[in-house]
Amino acid sequence: IKEQLQVELSYATVIRYLHELDFHLRVPRPWPLPLLDEPEREEQRQGFRAKIKALAEDPAVELWFGDECGVDGDPRPRRRWVQPGSKPKVPHLGKHIRRNVVGAVCPQSGEFFSLIFDGVDSAVFQCWLDELAQGVPPESGVRRILVLDNASWHKAKGLQWHHFEPLFLPPYSPDFNPIERLWLRLKADYFTDWIARTGEDLMERLCNVLNHFINHSSKTASICS
């Protein structure tokens, strides 16, 4: 700052100015370095973007995007606006109650399919694939492509994909999966400051929320488009 502005500033003045601009000291989260060099990684992303765009424009292709979402019955408090000096409180039960949702969405139509499990592994994912194949049966002349990340259970040997074709995202590319936005809305709109006292409470609320997305396909399409 001294070199660029050619002024003499004390440390206290700089800190006060940063506070006025609403800067705060934060410890950065550890973030793994990508396995690929940045140019190679970006080349993969650009190639995938072009591929998914071509598939989306193909009238004979129906794109589905799948992912898993963990939902806690006692979630961490979310940030909120408060007046200086106030100390907001939210309930905290302290129990470890958690369920995992495995879902898939078709952004074009808003169709949504999901199941709730206690955990996720290759056997659970195969069970979900089997139910998905029944819930979204094959249609003559339509290729159904299921886009997924690179979780180990998505690439387990011997998986039966039925009439779905798997397509895997590039590394470090959750922004290419529109179901991520659905998970964000699910947690923000229905589980902020909400506490599940039992696993049954969490299951009931999850079922109600997931049914809401299933029964309101236009809203789901709007979120995931």
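The values are calculated or read from the model by the stated rules, or taken from the named source; none is laboratory data. Since the structure is predicted, the reported quantities are computational estimates derived from the model, not experimental observations. Here Cβ is always computed from backbone atoms with ideal geometry, including for glycine, and neighbour counts include all displayed protein chains. Surface accessibility is based on the protein's heavy atoms, side chains included, excluding ligands, DNA and RNA. Shrake-Rupley method; radii C 1.70, N 1.55, O 1.52, S 1.80 Å.
Close contacts from segment 62-77, counting a first residue that is farther than 26 Å from H96 by Cβ and of a type outside the set (S, T, Y) and a second that is modelled with pLDDT of 85 or more and in a loop (DSSP other than H, G, I, E, B), with Cβ to Cβ under 6 Å and a gap of 6+ residues or different chains, come to E62/V142; F65/N177; F65/P178. Given the structure, is I214 hydrophobic (A, V, I, L, M, F, W, C) and in contact with a Leu (Cβ under 6 Å, 6 or more places away or on another chain)? The answer is no for I214. Which of the residues belonging to segment 51-82 are modelled with pLDDT under 85 and among the charged types (D, E, K, R)? Result: D74, R76, R78, R79, R80. The test for being under 19 Å from V101 (Cα atoms), open to solvent by 50 Å² or more (accessible area, probe 1.4 Å), under 17 Å from the mean Cα position of the chain (by Cα) and modelled with pLDDT under 95 holds for D189.
For segment 164-185, state whether one or more residues are under 15 Å from the mean Cα position of the chain (by Cα), surrounded by 15 or more Cβ atoms within 10 Å (Cβ to Cβ) and more than 24 Å from K53 (Cβ to Cβ). Yes - at least one qualifying residue is present in segment 164-185.
Regarding segment 92-99, can at least one residue be identified that is out of contact with any Gly (no Cβ under 7 Å at 6 or more places or on another chain), more than 30 Å from G199 (Cα to Cα), part of a loop (DSSP other than H, G, I, E, B) and of a type outside the set (G, A, S)? Taking every residue of segment 92-99 in turn, none turns out to be out of contact with any Gly (no Cβ under 7 Å at 6 or more places or on another chain), more than 30 Å from G199 (Cα to Cα), part of a loop (DSSP other than H, G, I, E, B) and of a type outside the set (G, A, S).
Determine, yes or no, whether G85 is over 17 Å from V147 (Cα atoms), open to solvent by less than 60 Å² (accessible area, probe 1.4 Å) and either in a loop (DSSP other than H, G, I, E, B) or at pLDDT below 80 (or both).
Numbers: over 17 Å from V147 (Cα atoms): yes; open to solvent by less than 60 Å² (accessible area, probe 1.4 Å): no; either in a loop (DSSP other than H, G, I, E, B) or at pLDDT below 80 (or both): yes.
So G85 fails the test.
Count of segment 197-225 residues, restricted to those that are open to solvent by 50 Å² or more (accessible area, probe 1.4 Å) and aliphatic (A, V, I, L, M), is 2. Contact map, segment 176-202: first residue free of Cβ contacts under 8 Å to residues at least 40 places away in the same chain, second residue of a type outside the set (F, W, Y), Cβ cut-off under 8 Å, separation 6 or more or different chains; pairs are R185/I223; Y190/R205; Y190/V209. Taking segment 106-141 as the range and being outside any helix (DSSP H, G or I) and either among the charged types (D, E, K, R) or within 22 Å of E204 (Cβ to Cβ) (or both) as the test, the residues that pass are E111, F112, F113, S114, L115, I116, F117, D118, G119, V120, D121, E139. Considering segment 95-119, and only residues there that are at pLDDT 95 or above and among the β-branched types (V, I, T), the residue that is farthest from the chain's Cα centre (by Cα) turns out to be I116.
Per-residue answers, yes or no, for (1) buried (at least 18 other Cβ atoms within 10 Å of the Cβ); (2) touching a Cys at 6+ places or on another chain (Cβ under 9 Å); (3) among the β-branched types (V, I, T):
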site: G47; (1), (2), (3): no, no, no
site: V71; (1), (2), (3): yes, no, yes
site: W81; (1), (2), (3): no, no, no
site: V90; (1), (2), (3): no, no, yes
site: F117; (1), (2), (3): no, yes, no
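Residue count for segment 168-204, restricted to those that are more than 22 Å from F65 (Cα to Cα) and touching a His at 6+ places or on another chain (Cβ under 8 Å): 1.
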